[in-house]
Amino acid sequence: MRRLLAAFVGLALAGAAVAHEGRGDRPHDHGPTPVPAGVSVPAWDELTPTQQEALARLRDDWDQLPASRRVRALEWVERKARWEAMTPEQREKLRAGARNFRDLPPELREKMRTSMQAMRALPEDERRALRKRWHEMSPEQRRAWLQTGGPAISPPPDRAD
């Protein structure tokens, strides 16, 4: 259970910030990344110098790539920048959380995915309140909450006052 708690906390802190080093612009198993409504994908000349440097290997093909692939490449550049801006301690915390998550049984990983998706769908103030509540709980309360579904899925257990 300690690994479960560590994995959940690691994922909760990481959110979508886990960097996928080395993935670059390779296709993934989830199909094309949809281009969000209202988002225009820049042409090569509209990219910042930093983006152009990070995507240099795509320069000759950039303007002919499908928009979904360009969006995915730009997202990768943003994740890489966030990763590089982290302290070594923050990076190790994310790595440890990812290792713990990977080592969980599949049914617990799925529970955590569901809980994290539900958390992301909540308004920021509700997410903040759930995180605050999580940090106020004892390990036993956290464990009980995770076993019933986790934050944003099931209500937190009663406080032990």
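Rule-based calculations on the coordinates, nothing more; no lab input. Here the structure is a predicted model, which means the values were calculated and not measured. Note that each Cβ is placed from the backbone with ideal geometry, even for glycine, and that neighbours are counted across all protein chains shown.
Below, the figures for the structure above:
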| read-out | value |
| --- | --- |
| Some residue of region 135-150 being in a loop (DSSP other than H, G, I, E, B), surrounded by 17 or more Cβ atoms within 10 Å (Cβ to Cβ) and within 19 Å of the chain's Cα centre (by Cα) | yes |
| Residue in region 54-70 that is crowded, with 17+ Cβ neighbours inside 10 Å, under 25 Å from PRO34 (Cα atoms), touching a Phe, Trp or Tyr at 6+ places or on another chain (Cβ under 6 Å) and not charged (D, E, K, R) present | yes |
| Single condition MET112 does not satisfy, out of (1) out of contact with any Lys or Arg (no Cβ under 8 Å at 6 or more places or on another chain); (2) of a type outside the set (Gly, Ala, Ser); (3) closer than 30 Å to ILE153 by Cβ; (4) not in a helix (DSSP H, G or I) | (4) |
| Scope region 40-53; condition in a loop (DSSP other than H, G, I, E, B) and surrounded by fewer than 11 Cβ atoms within 10 Å (Cβ to Cβ); matching residues | SER40, ALA43, THR48 |
| Filtered residue count, region 55-105, keeping only those that are under 16 Å from TRP44 (Cα atoms), among the basic types (Lys, Arg) and not in a loop (DSSP other than H, G, I, E, B) | 4 |
